[in-house]
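Reviewing the structure listed below.
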Amino acid sequence: MQVTIHDEILAGKVAAVKQYIAAGHDIEARDALKRTSLLLATERGQTVIARLILDNGANALKERTPGLA
């Protein structure tokens, strides 16, 4: 199984998330539960990672599930 940015967020691995971002990973990509990286980080209390994602252009207003308000 391939490790994703979402796995690294769940594990709280700031350095690994930085590497994904530096490599051009889509920080707006959704996991299997339709959560963006930012939503996952905030749900898990990963404030340092959430700030990192925001500082790299994440859309703070992107909804959880496409089409829902």
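The values are calculated or read from the model by the stated rules, or taken from the named source; none is laboratory data. These figures come from a predicted structure and were not determined experimentally. Because the Cβ atoms are built from the backbone with ideal geometry, glycine has one as well, and the counts that use them run over all protein chains shown. Quick note on the areas: whole protein, heavy atoms, side chains included, nothing else; ligands and nucleic acids left out. Shrake-Rupley method; radii C 1.70, N 1.55, O 1.52, S 1.80 Å.
How large is the dipole of the chain about the Cα centre if only Lys and Arg carry +1 and Asp and Glu carry -1, each at its Cβ, rounded to the nearest 20 debye?
Rounded to the nearest 20 debye, it is 100 debye.
Where does the charge balance sit around GLU8 when Lys and Arg score +1, Asp and Glu -1, over other residues with C-beta under 13 Å from its C-beta?
+1
For region 1-48, calculate the relative contact order in percent as a whole number, restricting contacts to Cα pairs under 8 Å that are 6 or more residues apart.
Result for region 1-48 is 37 percent.
Taking a quarter of the surface of the convex hull around the Cα atoms of the chain, what do you get in nm²?
Over every viewing direction, the Cα hull of the chain projects on average to 4.6 nm².
Nearest 0.05, what FRET efficiency do THR4 and ASN59 give at R0 = 22 Å with Cβ-Cβ as r?
0.70
If I compute solvent accessible area with a 1.4 Å probe over the protein chains, what percent of it on the chain is carbon and sulfur?
Carbon and sulfur: 54 percent of the exposed surface of the chain.
Could you point to the residue in GLN19, ALA60, THR4 farthest towards the positive end of the chain's charge dipole, with +1 and -1 charges on the Cβ of Lys/Arg and Asp/Glu respectively?
Ranked along the dipole, the leading option is ALA60.
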